[in-house]
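The values are calculated or read from the model by the stated rules, or taken from the named source; none is laboratory data. Remember, it's a predicted structure, so these values are computed and weren't measured experimentally. Cβ coordinates were reconstructed from backbone atoms using ideal geometry, including for glycine residues, and neighbour counts include every protein chain displayed.
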Amino acid sequence: MLTDKIAVVTGASRGIGREIAVTLASKGAVVIVNYNGSTAKAEEVVKEIQAAGGRAEAVQCNVSDFSEAARLMEYVVKQYGRVDILVNNAGITRDNLLMKMSEEDFDAVLNTNLKGAFNCIKHISRQMLKQRSGRIINISSVSGVMGNAGQVNYSASKAGIIGITKSVAREMASRGITSNAVAPGFIDTDMTAVLPDAVKAAATEQIPMKRFGSTRDIASMVAFLASDEAGYITGQVICVDGGMAM
Ligand code: NAP
C-alpha cells in the first residue's frame with residue numbers, strides 16, 4: 001500500500017500517466033495530477049479518483065519550463081509538506097526520418113521528455129534529500145534502449161532519461177532515494193493511436209508477445225517501484241514491452 005504517500009505524476013491527464021495516477025491513488029497515495037493543456041481531462045482523472053474514495057488534485061504545469069517546474073514542486077511541498085513519489089511521465093513525439101527532422105522538432109521533444117524530467121527532479125531533490133526518502137520513477141521507452149527509425153529525437157530523449165536515472169541513483173542512494181526507469185514497449189494510448197496501420201503491424205511483428213501492451217501493464221510496474229517492497233532496487237531500467245528489448 002502507499003497510504004498517505006504524496007505522489008506527483010507528470011502528464012497524468014491521459015494515457016499511461018492517467019493510469020499511473022489512478023493506480024497510485026487506489027493504493028492510498030495522494031496524487032498530484034499534472035498536465036499541460038488538457039484541463040478538462042485532468043479534472044476528469046481527479047473526479048474518477050475521488051469517486052473511488054481517493055485523493056487527488058490537478059495542477060497545470062509545462063514541465064519543459066524550468067521555472068514552471070520549480071513552481072509546481074514549491075506548490076506541492078507548501079500544500080502537502082513533502083513529495084514521496086515523483087513519476088516523470090510527460091512526453092511527446094514528433095516523428096520523422098533524420099533527413100527530414102527539423103531542429104524545432106528535435107528541440108521540442110528533448111525539452112519535454114528529457115529536460116522536463118531534469119527540471120522536476122532538480123526542483124524536488126532538496127526536499128527529498130531533507131526527507132531522506134523518495135522514489136523517482138522515469139518513463140523511458142524501448143526506443144531509448146534499442147533506437148527506432150524515425151525517432152532520432154525521441155530515442156535520444158528516452159536514452160537520456162536512462163542516463164539521468166542512473167546518475168541520480170548514484171547521487172542519492174545513500175540518502176534513501178531510489179531512481180528507476182520503466183521502458184514501455186508499444187502501449188495503446190493516444191500516442192500510438194496516430195500511427196499508420198502499416199507501422200502498427202510492423203511493430204507488432206517485432207514484439208515476441210505479438211500484441212501492444214495496456215496502460216495497466218505500465219502502471220502496475222510503477223506502483224511496485226513506488227512501494228516499500230522495491231526499496232532495494234535503484235538505477236534499473238525495467239522493460240515492460242512483451243519481450244521486445246532483450
Ligand atoms: P499521451 O497519451 O500522448 O499523453 C501524454 C501526456 O503528457 C499528457 O497527459 C500530456 O498532457 C502530457 N504532457 C505533454 N507535454 C507536457 C508538458 N510539456 N508538460 C506537462 N505535461 C505534458 O502519451 P502516453 O502514450 O500516455 O505516454 C506517456 C509516457 O510514456 C511518455 O513519456 C511516452 O514517451 C512514454 N511511452 C509511451 C509509449 C506508448 O506506446 N504509448 C511507449 C513508450 C514510452 P496534456 O494532455 O495536457 O497535453
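How about region 77-100: which of its residues are within 14 Å of the ligand (Cβ to nearest atom) and over 22 Å from VAL222 (Cβ atoms)? It would help to see each step written out before you state the result.
Residues of region 77-100 within 14 Å of the ligand (Cβ to nearest atom): 86-95.
Of everything in region 77-100, those that are within 14 Å of the ligand (Cβ to nearest atom) and over 22 Å from VAL222 (Cβ atoms) turn out to be ARG94, ASP95.
From the set of residues in region 55-76 that are among the small types (Gly, Ala, Ser) and in a strand (DSSP E or B), which is farthest from the ligand (Cβ to nearest atom)? Give the derivation first.
Here is the first cut: in region 55-76, the residues among the small types (Gly, Ala, Ser) are 56, 58, 64, 67, 69-70.
Then keep just the ones that are in a strand (DSSP E or B); that gives 56, 58.
Numbers: ALA56: 14, ALA58: 10 Å.
Checked region 55-76; the qualifying residue farthest from the ligand (Cβ to nearest atom) is ALA56.
Given the options PRO196, PRO208, name the one that is modelled with pLDDT under 95 and more than 19 Å from ILE16 (Cβ to Cβ). If you could, list the steps in order and put the result at the bottom.
Details: PRO208 fails: modelled with pLDDT under 95.
Every option except PRO196 fails the conditions.
Can you tell me which residue in region 212-232 is farthest from the ligand (Cβ to nearest atom), limited to those that are part of a loop (DSSP other than H, G, I, E, B) and of a type in the set (Ser, Thr, Tyr)?
That would be TYR232.
For ALA149, state whether it is part of a loop (DSSP other than H, G, I, E, B), surrounded by fewer than 20 Cβ atoms within 10 Å (Cβ to Cβ) and more than 12 Å from the ligand (Cβ to nearest atom). Write out each step before concluding.
On the way: part of a loop (DSSP other than H, G, I, E, B): yes; surrounded by fewer than 20 Cβ atoms within 10 Å (Cβ to Cβ): yes; more than 12 Å from the ligand (Cβ to nearest atom): yes.
For ALA149, the condition - part of a loop (DSSP other than H, G, I, E, B), surrounded by fewer than 20 Cβ atoms within 10 Å (Cβ to Cβ) and more than 12 Å from the ligand (Cβ to nearest atom) - is met.
Give the residue, chosen from MET209, MET244, MET172, that is within 11 Å of the ligand (Cβ to nearest atom) and farther than 14 Å from VAL87 by Cα.
Only one candidate passes the filter, namely MET244.
Tell me which residues, restricted to region 175-196, are in a helix (DSSP H, G or I) and within 10 Å of the ligand (Cβ to nearest atom).
Quick first cut of region 175-196, residues in a helix (DSSP H, G or I) only: 175, 190-193.
Residues satisfying the conditions are ASP190, MET191, THR192, ALA193.
Okay, residues lined up against (1) assigned to a helix (DSSP H, G or I); (2) of a type outside the set (Asp, Glu); (3) closer than 23 Å to MET244 by Cβ:
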{"position": "LYS78", "(1), (2), (3)": "yes, yes, no"}
{"position": "LEU86", "(1), (2), (3)": "no, yes, no"}
{"position": "ARG94", "(1), (2), (3)": "no, yes, yes"}
{"position": "ASP107", "(1), (2), (3)": "yes, no, no"}
{"position": "HIS123", "(1), (2), (3)": "yes, yes, no"}
{"position": "ARG126", "(1), (2), (3)": "yes, yes, no"}
{"position": "VAL145", "(1), (2), (3)": "yes, yes, yes"}
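Looking at VAL45, is it touching a Lys or Arg at 6+ places or on another chain (Cβ under 8 Å) and part of a strand (DSSP E or B)? I'd like the intermediate steps shown before the answer.
On the way: touching a Lys or Arg at 6+ places or on another chain (Cβ under 8 Å): yes; part of a strand (DSSP E or B): no.
So VAL45 does not fit the description; no.
Considering each residue of region 14-54, count those that are closer than 14 Å to ALA219 by Cα, near the ligand (Cβ under 9 Å from one of its atoms) and of a type in the set (Gly, Ala, Ser), and give that number.
2
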